[in-house]
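Read the structure below first, then the notes.
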Amino acid sequence: MTDSSSLAVLVIEDDADTRGNLQDILELDGYEVKLAGSAAEALSNRAWKNLFAIVLDRQLPDGRAEDLLPKLREHAPEAAVIIVTGHADVGGAIEAVRLGAADYILKPIDPDFLRSRLERLADHRRVRAELRIAQEKMLASERLAAIGEMMAGLAHESRNALQRSQACLEMLDFLTRYVSISA
């Protein structure tokens, strides 16, 4: 199970009862919940980077999810968007997924189903973060390996130069002794 205590969810739902129920469910699970009753209210949100997920009603009084989704993806590219709707519509579900929705849920929302979807999204986010960290560590290891190879090459070349210098000094010492003995 994923720790949800540091994850923020924005609920965009025009029905106050549904919005309140979703808030209760999510807060019981430890999510930080932000609420909006319209597309305009949602777009006035300033904490986009902190969002883990957005639960978006497909039909709002001032817009549809299909129109709002690209703006939400622009503002919060890391947040998973779950569309909720009271109308089963395969075409709408396909369009939502094409526009970047992570999931499409029918109303009335089953709390356990929503929890499982959010948990799956949180696990996916955790795996992506771990993968990013592993890639960064791998890059750092590759850089260190390249530096090690370069240092080994420099040490080898320096040793060759030092050996030539030592040979020249030994020859100079020999010649100096030989010339002073013969003179």
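The values are calculated or read from the model by the stated rules, or taken from the named source; none is laboratory data. Because the structure is predicted, anything quoted here is derived from the model rather than measured. As a convention, Cβ positions derive from the backbone with ideal geometry for all residues, glycine included, and neighbour counts pool all protein chains shown. Side chains are part of the model used for accessible areas, which takes the heavy atoms of the whole protein and leaves out ligands, DNA and RNA. Shrake-Rupley method; radii C 1.70, N 1.55, O 1.52, S 1.80 Å.
The residue list Ala96, Ala53, Ala39, Ala101 contains one member that is buried (at least 20 other Cβ atoms within 10 Å of the Cβ) and more than 22 Å from Phe113 (Cβ to Cβ), which is Ala39.
For every residue, the table says whether it meets (1) among the aromatic types (Phe, Trp, Tyr); (2) modelled with pLDDT under 85; (3) exposed (fewer than 13 other Cβ atoms within 10 Å of the Cβ).
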site: Val81; (1), (2), (3): no, no, no
site: Asp89; (1), (2), (3): no, yes, no
site: Gly92; (1), (2), (3): no, yes, no
site: Asp112; (1), (2), (3): no, no, yes
site: Arg115; (1), (2), (3): no, no, no
site: Leu131; (1), (2), (3): no, no, yes
site: Ala140; (1), (2), (3): no, no, yes
site: Arg143; (1), (2), (3): no, no, yes
site: Tyr178; (1), (2), (3): yes, yes, yes
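Residue under question is Ile54, and the condition is that it be in contact with an Asp or Glu (Cβ under 6 Å, 6 or more places away or on another chain), under 20 Å from Pro108 (Cβ atoms) and assigned to a strand (DSSP E or B); does it hold?
No, not satisfied.
For region 1-36, the set of residues classified as over 26 Å from the mean Cα position of the chain (by Cα) and either of a type in the set (Ser, Thr, Tyr) or open to solvent by 70 Å² or more (accessible area, probe 1.4 Å) (or both) consists of Asp17, Thr18, Asn21, Asp24, listed by residue number. Among the residues of region 87-136 satisfying the criterion of being β-branched (Val, Ile, Thr) and more than 16 Å from Ile12 (Cβ to Cβ), which is farthest from the chain's Cα centre (by Cα)? The extreme case among them is Val90. Give the residue that is nearest to Val81 (Cα to Cα), with candidates limited to residues of region 9-43 that are among the acidic types (Asp, Glu) and in contact (Cβ under 8 Å) with a residue 40 or more places away in the chain. Top of the filtered list is Glu13.
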